[in-house]
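In what follows, a single structure is set out as structure tokens and then discussed.
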Amino acid sequence: MTADIQTIVIGAGVVGLACARSLANTGREVLIIEQHDAIGTETSARNSEVIHAGIYYPKGSLKAKLCISGKEMLYRYCAENGIDHKRTGKLIVATAKDQLDALGGIEKKARENGVMDLVWLSQEEALEREPALNCVGAFHSPSTGIVDSHQLMVTLLGEAENNGATLALNTKVTSVDHANGLYTVTTRDADGEEMSLTCAELVVAGGLHSQTVGRNFAGLPSDTVPPQHYARGCYFTLSGKAPFSTLIYPAPEQAGLGIHLTLDLGGQARFGPDVTWVDQPNYDVPAERRSAFAEAIRKYYPDLNEDALQTGYAGVRPKIQAPGEAARDFMIADEKVHGLNGLVMLYGIESPGLTASLAIGARVTDLMTQKGDLQAAS
């Protein structure tokens, strides 16, 4: 049987677009299917826009490998394509002496991952760099930065389209079937009209919805679809001039990196995210969270005026571990996992997914071409 199209990518967030761009660059005919009316409106548009250094993740994990390789690919891609970005650096701070050992553990993990550029700062050195800071010591990560995520996604889409890819918006995938070596993807558009297309290769980069696609996938072993959990993270912005020129991160927490301070490319400070487990994705930012934010922020920024905190936005992390469980790695499931040739399912692509996006795209392309080489050229 002949497929209607060679390759379909489900999901037009930054990871789906990076996959589509990489696949289209090989000469494949690629169709990108997105259920919303624009690209990257969920997780990709609702995060800190930080380019992570690769410090926190377990040695040998996909998060560590793809973050570190993706970081360099992303900086290079932004420079080559005029995408707004900045190497701001960040300080990981201990606000009490009992946190110093935790910082030591972070440095050890960073070195195990090959991140060798962390610089220890004494309290005096940290305050000389950031006078508004409260800490007893800190690590400086010079390779951390920020990026305009929307500009990145537009550029990825443009490159994919220049290589023949097509984007279908307002198109929701309702089911997938595998038979006779082909994948049949059935969709419904905004008018309720259904359509089915066959493809030889399929990438599911659905973010918050990958498991939903997996559960409606005839022929996909159900035991290869991981659990689906959602962790909402709220952000508050700070009115007025930012008190810091560097990103400020407290010692990390189990489900996230704590309420940290980041900067946008216009220099405005924002704080977040917190962690609230929710049954379904929702993007509410409860104003009553302001006091809890202020309490956490004052540990490293004691001069905070709580009235200057303004409700910002919220994002939802696509978790594959339940509340209280240890963090899990990215899950990039290929034929070795589910037994189906030409299929890659992406689950749990939360932070550092933005940083790792180009490396994930290269990884998926390699899996499709049976290379399995993490060092694929960008």
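Is it true that some residue in the stretch 76-86 is touching a helix residue (DSSP H, G or I) at 6+ places or on another chain (Cβ under 8 Å), of a type in the set (A, V, I, L, M) and modelled with pLDDT of 95 or more?
Within the stretch 76-86, one or more residues are touching a helix residue (DSSP H, G or I) at 6+ places or on another chain (Cβ under 8 Å), of a type in the set (A, V, I, L, M) and modelled with pLDDT of 95 or more.
For the stretch 244-259, how many residues are at pLDDT 95 or above and open to solvent by less than 30 Å² (accessible area, probe 1.4 Å)?
Summing the residues that are at pLDDT 95 or above and open to solvent by less than 30 Å² (accessible area, probe 1.4 Å) in the stretch 244-259 gives 5.
Could you grab me the full set of residues in the stretch 2-22 that are buried (at least 24 other Cβ atoms within 10 Å of the Cβ) and either of a type in the set (A, V, I, L, M) or without any contact (Cβ under 8 Å) to a residue 12 or more places away in the chain (or both)?
Matches in the stretch 2-22: ILE8, VAL9, ILE10, ALA12, VAL14, VAL15, LEU17, ALA18, ALA20.
When the residues of the stretch 159-175 are narrowed to those that are outside any strand (DSSP E or B) and of a type in the set (A, V, I, L, M), which ends up surrounded by the fewest Cβ atoms within 10 Å (Cβ to Cβ)?
LEU169
Do we find that GLU201 is in contact (Cβ under 8 Å) with a residue 12 or more places away in the chain and open to solvent by 30 Å² or more (accessible area, probe 1.4 Å) in this structure?
No; evaluated as a whole, the condition is false for this residue.
Please find, within the stretch 337-356, the residue that is farthest from TYR75 (Cα to Cα) out of those that are open to solvent by 40 Å² or more (accessible area, probe 1.4 Å) and under 24 Å from the mean Cα position of the chain (by Cα).
Step by step, filter the stretch 337-356, then rank; the result is VAL337.
Quick check on this structure: which one of HIS178, HIS150 is closer than 30 Å to GLN310 by Cα and either basic (Lys, Arg) or open to solvent by 30 Å² or more (accessible area, probe 1.4 Å) (or both)?
Only one candidate qualifies: HIS150.
Can you tell me which condition TYR56 does not meet? The list is (1) at pLDDT 95 or above; (2) surrounded by fewer than 24 Cβ atoms within 10 Å (Cβ to Cβ), and all the others hold.
(1)
When you look at LEU100, is it in a helix (DSSP H, G or I), within 23 Å of ASN170 (Cβ to Cβ) and more than 19 Å from the chain's Cα centre (by Cα), yes or no?
no
(1) touching a strand residue (DSSP E or B) at 6+ places or on another chain (Cβ under 8 Å); (2) crowded, with 16+ Cβ neighbours inside 10 Å: which one isn't true of LEU156, the others all being true?
With respect to (1) touching a strand residue (DSSP E or B) at 6+ places or on another chain (Cβ under 8 Å); (2) crowded, with 16+ Cβ neighbours inside 10 Å, LEU156 is out only on (1).
State yes or no: is LYS109 part of a loop (DSSP other than H, G, I, E, B), open to solvent by 50 Å² or more (accessible area, probe 1.4 Å) and farther than 21 Å from GLY267 by Cβ?
no
Being out of contact with any helix residue (DSSP H, G or I) (no Cβ under 6 Å at 6 or more places or on another chain), closer than 20 Å to VAL364 by Cβ, polar (S, T, N, Q) and outside any loop (DSSP other than H, G, I, E, B) narrows it down to one residue among GLN151, GLN211; which is it?
Selected residue: GLN211, the only one of GLN151, GLN211 that is out of contact with any helix residue (DSSP H, G or I) (no Cβ under 6 Å at 6 or more places or on another chain), closer than 20 Å to VAL364 by Cβ, polar (S, T, N, Q) and outside any loop (DSSP other than H, G, I, E, B).
Working only within the stretch 322-334, note down all residues that are in contact (Cβ under 8 Å) with a residue 12 or more places away in the chain, open to solvent by 70 Å² or more (accessible area, probe 1.4 Å) and of a type in the set (D, E, K, R).
Residue satisfying the conditions is ARG328 alone.
Suppose we filter the stretch 143-188 for residues that are of a type in the set (S, T, N, Q) and over 30 Å from THR262 (Cβ atoms); how many remain?
11
For the stretch 59-80, enumerate the residues that are buried (at least 20 other Cβ atoms within 10 Å of the Cβ) and among the charged types (D, E, K, R).
Listed by number, the residues that qualify are LYS63, LYS65, LYS71.
Which condition number does LEU367 fail, the rest of (1) under 30 Å from THR184 (Cβ atoms); (2) in contact (Cβ under 8 Å) with a residue 40 or more places away in the chain; (3) of a type outside the set (Asp, Glu); (4) open to solvent by less than 50 Å² (accessible area, probe 1.4 Å) being met?
(2)
Would the stretch 295-315 turn up any residue that is outside any strand (DSSP E or B), open to solvent by less than 20 Å² (accessible area, probe 1.4 Å) and either at positive phi or modelled with pLDDT under 95 (or both)?
Looking through the stretch 295-315, none of the residues is outside any strand (DSSP E or B), open to solvent by less than 20 Å² (accessible area, probe 1.4 Å) and either at positive phi or modelled with pLDDT under 95 (or both).
Of the residues SER196, SER222, SER210, which is polar (S, T, N, Q), buried (at least 20 other Cβ atoms within 10 Å of the Cβ) and within 21 Å of ILE10 (Cβ to Cβ)?
Step by step, each of SER196, SER222, SER210 is checked, and only SER210 is polar (S, T, N, Q), buried (at least 20 other Cβ atoms within 10 Å of the Cβ) and within 21 Å of ILE10 (Cβ to Cβ).
The values are calculated or read from the model by the stated rules, or taken from the named source; none is laboratory data. What you see is a predicted model, and the numbers here were worked out from it, not measured in a lab. Reconstructed Cβ throughout: ideal geometry from the backbone, glycine too, with neighbour counts over all protein chains shown. Calculation scope for accessible area: heavy atoms of the full protein, side chains included, ligands and nucleic acids excluded. Shrake-Rupley method; radii C 1.70, N 1.55, O 1.52, S 1.80 Å.
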